[in-house]
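Single-structure report; data block below.
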Amino acid sequence: MVETGVTKKIGKIEFGVLSPSEIRKMSATKVITADTYDDDGFPIPMGLMDPRLGVIEPGLRCKTCGLRAGKDGCPGHFGHIDLAMPVIHVGFVKEIRDCLRATCRNCGRILLPDERIEYYKKLREDYIREGKDTSYILKAIINEVKNVEKCPRCGRDIGKIDIDKPTTFRENGKKLTPAEIREWLEKIPDEDLPLLDIEKKAARPEWFVLTVLPVPPVTVRPSVTLETGERSEDDLTHKLVDIIRINQRLQENRDAGAPQLIVEDLWELLQYHVTTYLDNQTSGIPPARHRSGRPLKTLAQRLKGKEGRFRSNLSGKRVNFSARTVISPDPNLSINEVGVPVDMARELTVPIKVTEHNIEWCRMMVRRGPNPTTERGEYIPGVNYVIRERGGIRQRIKVTEKNKNDLAEKLEEGMIIERQLMDGDIVLFNRQPSLHRMSMMGHKVRIVPFKTFRFNLAVCPPYNADFDGDEMNLHVLQGEEARAEAEILLKVQEHILSPRFGGPIIGAIHDHISGCFLLTYGNRKISLDDATRILSNVPDKEKLPRIHTDENGKRFIYGKDIFSTILPKDLTISFPAKICSHPPLDDPKKCPTKTCVIIEKGVLKQGVIDENAIGAFKGIIID
């Protein structure tokens, strides 16, 4: 059963920036050495693989939490690097630019008189109350201060702030160092922060300039051991090694009193390494590369885009109990059915719990083994696995021809058997791209001796499928609730009318429409042999049409009568067909071409069945 708990509504989400003190507080160790492992293959203390940052080697214990490596073990812990000189965080360049343009370098206040500041504060409160975007207020302030030449408070001349991509700032053409920028941002008082679109509880502007760099846990950047026995480090570890090396050189040169030019060059190099560590696709600088010439995949690349964390690992995941192959048409299947190839049916399974009511049936299924067939060689479902729990440990035992009888005898209540697919199982069928809810619907399985999925052509429009090589996915539901939900809510018959326009999305296409048109156009006579073949699939045998005889003694049935056999008995409707060029406004019987459709009590009296009658998106009869 689904457990129902007390639900809470999220009021708001606030994004903040880690302060240097928070980075140090959450750090398990300071990282000072660029080396990772010693000669014996053990992690070096205060290095990038320090055991306090977490462990990935099986058997080792983490020195911070004491847990071993593994899924339920140590999650990993952050470290930190103290930077010798501050560097700009490339992700906050726009925010730094806005802060510098809107404030005074001398006193740190916003470059507007008090009455304008009060006006903008009130306006911001109104925006928040109405749920509007407050970033427009900052844009308005920056536009207004463009024309200010002197600070209204301290009288300092205001310089023009320019930015050289990606992280170099200039005031009136003179370069600002990250240390000078940090000093400027520190002067901005807390009461002015809301107008700069910064929540004072969440961040301070000087935190956009890094003095401490967090080192991610070892579990985020595991090293792999190659077949040769060499260790291959993760891209993030490579980048952190570069940062630590340059940081050490910068500190040594600065402390030794090296020339300003050398210190500035090393400072710029540190800025480059930190920038490419955060985002290796920053415009304006060359990407950091591996020895092989491949660009490194750093933090931003792990999150962004189709292969990133959000789209690849969170929104989309790989699943078990699914299948994919090419699709083919099969007009002999019901719209609710899907033809599943035998090879797939043998692999895909449905879990069945053994109870006192079904234990004998389950034993019979297990005795069949994994590849049973009838005497004629036709498919019948077997069992792939028997699952049992002992002392909280779940065992999956594969059923084979050797052990099937033994397993059947040992079957007990509470065990689970994984039965192969059989006719009538409910599954989910999906074609990508999934653009609306009808891209994934419930179908009943029909095992077919082919290699492709088969389904009725009328179900092509909701999937937007055609048979020029399209592939589709099938998901086998594993829970009773899921199967009940699919049966009641997801079956194709529940989705004939589209929620987008209220009309039928499932209906005849192409050959269906052509066939019905040829069947009902004019007074089409169908020979008894052909008519019998057409009518062999009609379920309601009471409604078979009358047989006529022509002047040559040949027996026939009118096409309109054949079509009438599939109409509901209580259907009475009239409408113009698509080919009807001048439909009469008052009475369809007056149609000069006799193409207006008239159906009375389930009998087609007049007209042509075409797209207007049974087509997808338009079919009036389906509607």
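The values are calculated or read from the model by the stated rules, or taken from the named source; none is laboratory data. Small disclaimer: the values here were computed from a predicted structure and weren't measured. Note that each Cβ is placed from the backbone with ideal geometry, even for glycine, and that neighbours are counted across all protein chains shown.
See the values below:
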read-out: Residue, farthest from PHE517 (Cα to Cα), within segment 577-605, restricted to residues that are in contact with a Pro (Cβ under 8 Å, 6 or more places away or on another chain), in contact (Cβ under 8 Å) with a residue 24 or more places away in the chain and surrounded by fewer than 21 Cβ atoms within 10 Å (Cβ to Cβ); value: GLY602
read-out: Which numbered condition LEU195 fails, given (1) surrounded by fewer than 18 Cβ atoms within 10 Å (Cβ to Cβ); (2) in contact (Cβ under 8 Å) with a residue 60 or more places away in the chain; (3) within 42 Å of the chain's Cα centre (by Cα); value: (1)
read-out: Extreme residue, farthest from VAL209 (Cα to Cα), among residues of segment 20-48 that are surrounded by 15 or more Cβ atoms within 10 Å (Cβ to Cβ) and among the hydroxyl-bearing types (Ser, Thr, Tyr); value: TYR37
read-out: Residue within segment 82-99 that is without any contact (Cβ under 8 Å) to a residue 40 or more places away in the chain and either within 21 Å of ILE158 (Cβ to Cβ) or assigned to a helix (DSSP H, G or I) (or both) present; value: yes
read-out: Matching residues in segment 211-252 - criterion: being acidic (Asp, Glu) and farther than 21 Å from ALA179 by Cα; value: GLU227, GLU230, GLU233, ASP234, ASP235, ASP242
read-out: Filter result for the condition that a residue is among the β-branched types (Val, Ile, Thr) and in the same structural domain as LEU270 (by TED's automatic domain parsing), over ILE56, ILE110; value: ILE56
read-out: Hits in segment 229-268 (condition: within 35 Å of the chain's Cα centre (by Cα) and either within 16 Å of ASP82 (Cβ to Cβ) or not polar (S, T, N, Q) (or both)); value: ARG231, GLU233, ASP234, ASP235, LEU236, HIS238, LYS239, LEU240, VAL241, ASP242, ILE243
read-out: Unique residue being in a helix (DSSP H, G or I), touching a residue at least 24 places away in the same chain (Cβ under 8 Å) and under 30 Å from MET422 (Cα atoms) when the list is GLU485, GLU481; value: GLU481
read-out: Single residue of ALA28, ALA34, ALA69 found to be modelled with pLDDT under 90, of a type in the set (A, V, I, L, M, F, W, C) and under 35 Å from the mean Cα position of the chain (by Cα); value: ALA69
read-out: Filtered residue count, segment 221-238, keeping only those that are outside any loop (DSSP other than H, G, I, E, B) and surrounded by fewer than 17 Cβ atoms within 10 Å (Cβ to Cβ); value: 4
read-out: Any chance GLY316 is on the phi > 0 side of the Ramachandran plot and surrounded by fewer than 17 Cβ atoms within 10 Å (Cβ to Cβ); value: no
read-out: Flag if GLU206 is surrounded by 20 or more Cβ atoms within 10 Å (Cβ to Cβ), among the acidic types (Asp, Glu) and under 13 Å from ILE96 (Cβ atoms); value: yes
read-out: Strands (runs of 3 or more DSSP E) lying entirely in segment 282-359 (those with 1 or more residues that are touching a residue at least 12 places away in the same chain (Cβ under 8 Å) and of a type in the set (Gly, Ala, Ser)); value: 322-329, 337-341
read-out: Residue check, GLY515 in contact (Cβ under 8 Å) with a residue 40 or more places away in the chain and surrounded by 13 or more Cβ atoms within 10 Å (Cβ to Cβ); value: no
read-out: Flag for ARG324 being closer than 19 Å to VAL445 by Cα, among the basic types (Lys, Arg) and outside the structural domain of GLY414 (by TED's automatic domain parsing); value: yes
read-out: Spans of strands (runs of 3 or more DSSP E) in segment 424-465 with at least 1 residues surrounded by fewer than 22 Cβ atoms within 10 Å (Cβ to Cβ), of a type in the set (D, E, K, R) and at pLDDT 95 or above; value: 440-448, 453-455
read-out: Single condition PRO113 does not satisfy, out of (1) surrounded by fewer than 18 Cβ atoms within 10 Å (Cβ to Cβ); (2) closer than 30 Å to ILE44 by Cβ; value: (2)
read-out: Criterion: free of Cβ contacts under 8 Å to residues at least 40 places away in the same chain and part of a loop (DSSP other than H, G, I, E, B) - qualifying residue of PRO45, PRO75; value: PRO45
read-out: Any pair with Cβ under 6 angstrom, 6 or more apart, that starts in segment 219-244 at a residue that is free of Cβ contacts under 8 Å to residues at least 24 places away in the same chain and of a type in the set (D, E, K, R) and ends at one that is part of a helix (DSSP H, G or I) and buried (at least 16 other Cβ atoms within 10 Å of the Cβ); value: ARG221/LEU236; ARG221/THR237
read-out: Complete set of residues in segment 322-342 that are out of contact with any Phe, Trp or Tyr (no Cβ under 9 Å at 6 or more places or on another chain) and at pLDDT below 95; value: PRO331, ASN332, SER334
read-out: Test result for SER514, polar (S, T, N, Q) and more than 20 Å from ASN332 (Cβ to Cβ); value: no
read-out: Matching residues, segment 498-512, being of a type outside the set (Gly, Ala, Ser) and in contact with a Gly (Cβ under 6 Å, 6 or more places away or on another chain); value: PRO504
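Matching residues to (1) at pLDDT below 90; (2) more than 39 Å from the chain's Cα centre (by Cα); (3) among the charged types (D, E, K, R):
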site	(1), (2), (3)
ALA140	no, no, no
GLU149	yes, yes, yes
LYS175	no, yes, yes
ILE181	no, yes, no
PRO205	no, no, no
